[in-house]
Every structure is written in structure tokens, then in C-alpha cells.
1. Within a 10 angstrom radius of each residue's Cβ in A:126-132, how many Cβ atoms of other chains show up on average? Whole number is fine.
2. Calculate, in whole percent, how much of the Cα-Cα pair population of the protein assembly as shown lies beyond 37 Å.
3. Summarise the partner chain shielding of B:39-52 as one whole number: the mean count of Cβ atoms from other chains within 10 Å of each residue's Cβ.
4. How high is the relative contact order of chain B, in percent, with contacts defined as C-alpha pairs under 8 Å that are six or more residues apart?
5. Stretch A:Glu16-A:Lys361 to full length: gain in nm at 0.36 nm per residue minus the Cα-Cα span?
6. In whole Hz, with x marking every Gly and Pro, tabulate ³J(HN,Hα) for the stretch A:243-253 from phi via Karplus 6.51 cos²θ - 1.76 cosθ + 1.60, θ = phi - 60°.
7. Relative to the other copies, what are the label-point distances for B:Gly41, with labels 7 Å from Cα along the C-beta vector, expressed in nm at one decimal and sorted shortest first?
8. Rounded if a/c is under 1.5, else prolate if a/b beats b/c, else oblate: with a ≥ b ≥ c from the C-alpha gyration tensor eigenvalues square-rooted, which is the stretch B:305-384?
There are 2 protein chains.
Amino acid sequence: MTKVAIIGVGMTKFGEYWEKSYRGLIQEAGVKAIRDAGVSGKDINAIYGGSMTPGLFVEQEHTSALMADYTGLSGIPATRVEAACASGGLALREAYLSIKSSEYDVVVAGGVEKMTDASTYSAIVALSGAGDQEWESFHGATFPALYALMARRHMLEYGTTEEQMAQVAVKNHHNGFLNPNAQFHSKITVKDVMNSGSVATPLKLLDCSPITDGAAAIVLASEKKAKEFTDKPVWIIGSGQASDTLALHDRKSLSRTDAAILAGKRAYEEAKVKPSDIDIAEVHDCFTIAEILAIEALGFCKIGEGGKLTEKGETALKGRIPVNTSGGLKAKGHPVGATGIAQAVEVALQLRGEADKRQVKNAKIGLTHNVGGSGATCAVHIFKND
Amino acid sequence: MTKVAIIGVGMTKFGEYWEKSYRGLIQEAGVKAIRDAGVSGKDINAIYGGSMTPGLFVEQEHTSALMADYTGLSGIPATRVEAACASGGLALREAYLSIKSSEYDVVVAGGVEKMTDASTYSAIVALSGAGDQEWESFHGATFPALYALMARRHMLEYGTTEEQMAQVAVKNHHNGFLNPNAQFHSKITVKDVMNSGSVATPLKLLDCSPITDGAAAIVLASEKKAKEFTDKPVWIIGSGQASDTLALHDRKSLSRTDAAILAGKRAYEEAKVKPSDIDIAEVHDCFTIAEILAIEALGFCKIGEGGKLTEKGETALKGRIPVNTSGGLKAKGHPVGATGIAQAVEVALQLRGEADKRQVKNAKIGLTHNVGGSGATCAVHIFKND
């Protein structure tokens, strides 16, 4: 069974684009990744594309064929994968498995979302679709509300504070400030977060990731092809995926993300590494509480201690385990279907030593953690440089 | 690399259900397939689910987690695949590749759509999303119109007649009459088709497949597991997928479906069989012209001769190469995301000798052909019994 490596990465700057289209974003990220890999069209065997809900955002489904078409690759197999905000992570995983199956040698995994074109109605339906329509969305439980419930429970059980959550946003804005592809380049303070307007108590505006347009793409290759095209392969050494109940109220616990724990366990086992071996991680901080839940689920600290770990600065750029060096969803932006791939772009740049002002010294092993909905889907990938 | 077999099949009756929900349809088909396979929950490693646009039809995305959740399998990896009306066929292919990659041993591939709950606005946006939003849908080119263009061109180039197209509908209603799971149980005549109201000239109401609710599921297993659970495995011996330009006007030809030709070629090569080896085929007859294009693309006759082949009765239940023994999309119904899996259900029943009144004698090798949009995605699978 072949090993699989990332041999090229590309992404658009994340932001609010009135002048760029869904397909334009795909082209831009796709072409950047293909050029970075040094492959040409004829080398590429297939595309997997993550996109959450282009039907509701831009009235376009069947985006797999669009991706092949608008990158000049019509003819090759092209497949869209969807799992809400984990769509990108699952596209990466399908691309990885397809190479392991020996079906393909070189595969592009992409992710894209154009969120700012939608009407308010469509945008609310679109994002609420990640939850349980019958038991949550229909009754008005939107995502800030669901994560607020998790935050409240975490505060109750473990004494996590609003200031600790705010510290996640402060850290991620600090990192985003150093990332030219990030949506926000504004440093913020705990006071800024605490004083920002309430969205769903205890979550405030600056606890929430933004609405974003953007795309990201990576080129994956089998061991043989990777060695042909690059001397800086970033190997995928572990891939884990898991699911949980769609509705929050059916979970065993509101203060723990079991799909992430399970996906992490599977990825760690395949990679034969432990949480303490991870040098950098990109985790799914759609809300600040989500990053705290993530670092606990991934074993960077004990369950319940994520707030304290953040407060101590251990997840900061120069901390023990830098988390979201890219700025994360909070500051880099969160074009939902693109996020899982953009996380892999950041880890690849770090492991290639090309992360510029946010470079973590001697980063050798990186991890991505991509979540769908309030935690019903999770994909964890572990990467290693040569 | 392991072989992969279908070891269980299940589907709901296709139709218009006011009393059943999207998730209810999933449960019904899933549980039938699991029971048919004789596996229990703990044996199942993953789910791949095809659904075209549940966001627009029932305001629910993230349906992969829903599938695992509502079949009692939360925890396992669950992935939704979308490629418009080829979503089911691609879910089947991803499930197949995932077993070949050695990641899983037993995988459920499902497909579902609940189309009749949508508002007219949502339904039009939903189905048009399979075409090119910027160049087709936005300007009013809905699917009957796009297929009408193909029909016109085929008539011009090859002398195909409206009566020959009508014959496709007559045949498929004949077969659907024998299928208890079909939406329509009404025999029709060429005259009925010719006298039905015009939808997009030359296509009339009875040239078009209906709006349908329904779900289908199959259980796939590695060779080792297949032998453990069944003595009637249906082996997948070939799987091919291809893409074409999303918009019709960018194609090399309007009277030929190149993605189907390419996907067929790839599947035939893997299976090491020729078109003349195929005993039965389920093809994507979303419109009657689509079946003619399909049987030509798959090599059952020369390009341009599909109308004549149909007229001669060679694709009828007792013809040389029975096509759409299930009734096809035309009479069995076309819940878009479920269709690709329902095609595999029919072929599996035929190859197991369990197709009752529509059983084709000595059927050993069967084929499915599942198309997305006006042909921008195609998946072809070839199956063989033991």
C-alpha cells in the first residue's frame, strides 16, 4: 500500500469578495496548487472537492464537474464530498483513500465556499442545515446557540471562564495578523472580546468565526509520484474520521466532542504517534469554545483543562503546542467547505518551513482537526515532513 | 487488492410520500439492506450516502451524519457524496474504492432524495443546480430544455424519431408494471406518449421521468467478509467514472455523451468484458432521449442507432440486451440521489435470480450507468454473479 504525500498547496486570500465568483475562487486556488506542485493537467487523475451548500449559497450543485471544467481537467473523475463544515477534511480523506486504493496516483483535493452572495434567508437555511433540521434548526437553534449550550456546560462542569474563551480569539487574531491570506488583520484584546456584542450568551461577536468567501486546494500523490515531483513531500501519516448524533441533545455529553476523540484516536493509531508528538495543530475554532473542546479531544490536555491551557499561553505561536498558527477559522476566516483543506495548506507550509512570520521552529509533525455541525462529523489528519 | 461484492440490498417503494420524512426513507432502505446482508451494526465500518440537494429539498445538509445517526451507527465514518443525479453512483464508487484501499471491510452505500416536500421555487433551483448556473439555469434553461436540445440534434444527425423515443417510455412502463417498488404501474402506448402534453419540444410529458421520493441502500464487503455473510455475492468487476463540461454548449457534440463513453471504457477495461458480454443494464433514462444516448455510449449499438435498437425491441425484457428491467427512472421513479444505488439494487436482484416477474434468464453480467446533469458526470459499474 503506497504512502501518500501533499506535493502542492494553494489558496485564495480569504475574505468578502463581491468581484469574484464561486468558480473564480476554485480556479484561483486550483491553479496555485497545481503550479506549486509542478504537475500539469495530464498528470492529474481525479479531483475531490469539498463544498458545504453551494445550492443554497450560489444556486449551484454538481460542483465536482464544475471544478474539473473550470480548471481545464474535464474528463477526469470529479467528486464532491459534503459533511457541513467538515466537507474539506472529508474531501482530503477521500483523496487519500483513493490513492491508497491504487486507483489514482495524483489527485487534487479542494474546498470552496462563496458565502457572501446569499440572501439572509438562504444563508440561515444553509448554515442551519449542518444541524438537525427537525429537532434544532426548524425551532430556531442556530449554530451560535448550539455552541453556547456547549460553552455553558463546559463552564459549569470545569469552571472555564469567558476570559479564557476570549483568549482563544486574541491568540488567533495575533496569528492571523501574520498570515497574508487571513480575512482579518486586526489584533484584539481580551477586553475587546468581552466588550463585543452578545450573539448567544456566553458567546459574543468576537467569539465567533466570520462569514467568508474562499477556496483552497492541495495536490496529493503516491510515494512514487511524490518523489518525482517534489523534494519537500509532506506525508499523510494518519487519517481518522468519525460521526456522532446529528442533534446535540442526543449526545452523551455536551462538554465533550466524542467524534473528535474517536477520529483523533484513529489518526494517532495509524500514524503511530501520541498527542505529545504533535508540533503544530490547526483545529476547528468556529467558536472560541470549539477550540477549547478540540484541544481537549485531541489530548493536548485533559478534558476540562483547555481553558487553562489557553490562558497559560501553551497554544500560542511560541507555546508548547502552537494551535491555529494560520489564525484559525476565527481570524483566517471560515468559508465552510474550504476550511478543512485550508487547514492542510497551513500545516504543509509549516512542515515545509515556508510559514514566514508565523513559522514554528523545527515543526515536524502537524495535525488538522475539522468538524461538521456541532460535532456530528470530525476528520483528523496527521502529517510529517521528510 | 481485495475484490468487492454486494452482499445485501434494500429500497423503499418509490413514490410520492406525504407521510414519510427524508430520514424515515433512509432508515427504511438502510434497515432492509442490512437485514438482507445479515450483518449487524458492529460489522459495518462506514457509510457513503448519495443525496443531490437535501439543502434545497428539505433544508437539511450534513446528511451523512444523519444516515449514521438514524440507522443506529453513530461513531462510524459517514460521508455524503454529491454529483447531481449521479450522486448515488458516486457513493457506490467511493464505497468500492474505500474497501479496495483496505480501510474498511463492510460499507453501506446509500442514496436518498425527498423531492415532493419542496416549494416550486426550491425545486426549480434544486434541479437546475445540476446544470451550469451562470450559463444555463439562470437564463431559464431547465433540464427538459437541455435534453430537448440533445434530442433535436440526435434527430437531425441520425434521423431518430419521436416515436422511437416514445418506445423507450413504453418499454420502461412495461417493466415498471412488473416491479412492485416502481412509482408507476401503468402500461402506456406510443400513442399515449405522442399525445401527452409538450414539455420542451420534442419532449412530451411521458418522455420525462417523474419527481419522486425514495431511498435505496446496498451493503458492500471485501472478498473475505462477503464469503462470511453470503453465498450469493454480486461482485463489482468494473467501476468507471468521468466528467465533461458542466454546460452543454461547451461539449464537443450535443448528440453524444462523452463522459458516459469514457466511464464505460474505464469500467469495461477493469472488468475485462465487452459490451456484448453484458446481459442486463440499468441506464439513466431521465428523459427518453437519455436512454438512447446511453445505449449508444455503452456500445450496445453504434452511435446514432439507439432509436432503431429500441424500435426493434432489442432492449426489451426479452430482447437481446434488456435495458432498465426495473422500469428505469421513467417508470420506477427518479429520487435523484437514490437513483444510482437503486440501479445497483436491480442489477443485484437480477444477478441473484430474485427479480421475480421481470427476471432475465441466465443473467450473469449486469451494468449500471448513472448520469449527473446533462452528462457532466457519469459513473458506470459492472457486476457479475458467482
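1. Going residue by residue through A:126-132 and averaging, the value is 5.
2. 36
3. The mean count of partner-chain Cβ atoms within 10 Å per residue comes to 1.
4. 26
5. 121.0 nm
6. 10, 9, 4, 5, 8, 4, 5, 8, 6, 5, 8
7. Shortest to longest, the spacings are 4.9 nm.
8. Verdict is oblate for the stretch B:305-384.
FYI, it's all coordinate maths here, none of it is from the lab. Only a predicted model underlies this, so the values are computations on that prediction, with no experimental measurement involved. Note that each Cβ is placed from the backbone with ideal geometry, even for glycine, and that neighbours are counted across all protein chains shown.
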